[in-house]
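A.B. asks: Take this structure, written in C-alpha cells, and hold onto it; I'll ask about it next.
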C-alpha cells in the first residue's frame with residue numbers, strides 16, 4: 001500500500017472541457033509574445049550584445065546608485081547601464097562595445113577599477129567583442145533551430161501523423177511562451193538561456209510522449225470510442241506520473257533558485273517557469289489539439305482513425 005498518494009486512482013475528470021479556455025488563453029499569450037518580441041525585444045546579455053559587464057559589491061552598506069551612475073557616465077564610454085543586482089549592495093554595470101578592439105575593452109575595465117575599487121569589490125568582469133558576440137548569436141540561433149528540427153523529426157517518426165502533429169504543436173507552444181517569459185520578466189538572455197530553452201524542449205517532449213503513448217495504446221484497444229473520451233482517459237491514467245514528475249522537478253528547481261547563487265539563478269528561474277508551461281501544455285494544449293487534428297485527418301487514416309466526438 002502506498003503511503004503517499006499525490007493523485008487519486010481511476011479519476012474521470014473531463015480535461016478536454018478545459019480546451020475552451022486554454023486555447024484562447026494560449027492564443028492571446030502567444031500573440032502577445034510575438035508583439036513584445038518586435039516592440040520590446042529580449043534583454044540580451046553581453047554574450048549577444050557585446051561590451052563589458054562588471055558586477056560589483058559595495059564594501060559597506062547599500063550601493064549609492066546615483067553616484068555610481070554619475071561616475072561611470074563620466075568615463076566617456078557612452079551610455080552605461082547600472083542596476084542593482086543580487087544581494088544588498090550588489091550592482092551590475094554594463095558598458096557598450098568600444099571601438100578599437102580588445103585594447104579598448106581592456107581600457108574600460110582598467111578605468112572602472114581605478115575609480116571604483118576603493119568603494120566596491122569586483123565580483124565578476126566579462127568582456128565580449130562585437131565579432132565574438134555576433135558569432136555567439138549565430139551559433140545560438142543555429143543550435144536552437146537544429147535541436148527543434150531534430151525533435152520534430154523524432155516526433156514525426158515516433159508517432160502516427162495525428163499524434164506527431166499534436167506533439168509539434170505543444171513543443172512550439174512551449175518555446176513561444178518561454179520566450180515570452182524572458183521578455184515579461186526581463187531576465188537576461190544569454191548563452192545560459194539557450195541551454196534553458198533546449199532543456200525545456202526536452203522536458204516538453206517527455207511530458208507529451210507519456211500521454212501520447214497511452215493514447216496510442218488506447219487507440220489500438222478501442223476502435224470506436226469518441227476522441228474526447230479517449231483523450232480524457234489518457235490524461236487521467238497518466239496524471240499521477242505527470243504530477244509526481246512536475247512536483248519533484250519543481251522542488252529541485254526551487255532549491256536552485258533560492259540557494260544556487262546568482263550564476264545559476266536565471267537558468268533555474270526559467271526552468272521553473274518551463275516546468276509549469278510544459279505541464280499545462282501537455283494537458284491543455286497538445287492533447288486537446290488532437291481533437292481538431294483528428295477531424296481534418298480522419299478520412300486519411302482508414303482503419304487507424306478514431307471516431308471524433310462532434
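A.B. asks: Out of 65, 16, 29, I need the residue that is over 29 Å from the mean Cα position of the chain (by Cα) and surrounded by 11 or more Cβ atoms within 10 Å (Cβ to Cβ). Which one? Don't jump to the end; show me each part of the working.
C.D. replies: Values: 16 fails: over 29 Å from the mean Cα position of the chain (by Cα); 29 fails: over 29 Å from the mean Cα position of the chain (by Cα).
Residue meeting the stated conditions: 65.
So that you can scan it fast, the table gives a plain yes or no per residue for (1) part of a strand (DSSP E or B); (2) farther than 13 Å from residue 52 by Cβ:
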{"site": "88", "(1), (2)": "no, yes"}
{"site": "94", "(1), (2)": "yes, no"}
{"site": "97", "(1), (2)": "no, no"}
{"site": "104", "(1), (2)": "no, no"}
{"site": "107", "(1), (2)": "no, no"}
{"site": "110", "(1), (2)": "no, no"}
{"site": "118", "(1), (2)": "no, yes"}
{"site": "125", "(1), (2)": "yes, no"}
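A.B. asks: Quick one: in the range 220-234, which of the residues that are in contact with a helix residue (DSSP H, G or I) (Cβ under 7 Å, 6 or more places away or on another chain) and either modelled with pLDDT under 85 or not in a helix (DSSP H, G or I) (or both) is surrounded by the fewest Cβ atoms within 10 Å (Cβ to Cβ)?
C.D. replies: Narrowing the range 220-234 to residues in contact with a helix residue (DSSP H, G or I) (Cβ under 7 Å, 6 or more places away or on another chain): 222, 227-228, 230-234.
Now restrict to residues that are either modelled with pLDDT under 85 or not in a helix (DSSP H, G or I) (or both): 222, 227.
Values: 222: 14, 227: 25.
Here the answer is 222.
A.B. asks: In the range 57-85, how many are touching a residue at least 60 places away in the same chain (Cβ under 8 Å), in a loop (DSSP other than H, G, I, E, B) and farther than 22 Å from residue 128 by Cα?
C.D. replies: Of the residues in the range 57-85, 1 are touching a residue at least 60 places away in the same chain (Cβ under 8 Å), in a loop (DSSP other than H, G, I, E, B) and farther than 22 Å from residue 128 by Cα.
A.B. asks: Could you tell me whether the range 239-249 includes any residue that is closer than 30 Å to residue 186 by Cβ, touching a helix residue (DSSP H, G or I) at 6+ places or on another chain (Cβ under 6 Å), surrounded by 13 or more Cβ atoms within 10 Å (Cβ to Cβ) and without any contact (Cβ under 8 Å) to a residue 40 or more places away in the chain?
C.D. replies: Yes, the range 239-249 contains a residue that is closer than 30 Å to residue 186 by Cβ, touching a helix residue (DSSP H, G or I) at 6+ places or on another chain (Cβ under 6 Å), surrounded by 13 or more Cβ atoms within 10 Å (Cβ to Cβ) and without any contact (Cβ under 8 Å) to a residue 40 or more places away in the chain.
A.B. asks: While we're looking at this one, here's another question. Sort through 45, 50 and tell me the only one that's crowded, with 16+ Cβ neighbours inside 10 Å, at positive phi and within 29 Å of the chain's Cα centre (by Cα). Spell out how you get there, then give the answer.
C.D. replies: Numbers: 45 fails: at positive phi.
After applying the criteria, what remains is 50.
A.B. asks: Here's something else I'd like to know. Restrict the check to the range 259-266 and report whether at least one residue is farther than 21 Å from residue 171 by Cβ, touching a strand residue (DSSP E or B) at 6+ places or on another chain (Cβ under 9 Å), surrounded by fewer than 20 Cβ atoms within 10 Å (Cβ to Cβ) and modelled with pLDDT under 90.
C.D. replies: yes
A.B. asks: Mind listing just one residue for me: the one in the range 209-219 that is touching a residue at least 24 places away in the same chain (Cβ under 8 Å) and farther than 15 Å from residue 170 by Cα and, of those, surrounded by the most Cβ atoms within 10 Å (Cβ to Cβ)?
C.D. replies: It comes out as 215.
The values are calculated or read from the model by the stated rules, or taken from the named source; none is laboratory data. A quick note: this is a predicted structure, and the numbers were derived from the prediction, not measured. Note that each Cβ is placed from the backbone with ideal geometry, even for glycine, and that neighbours are counted across all protein chains shown.
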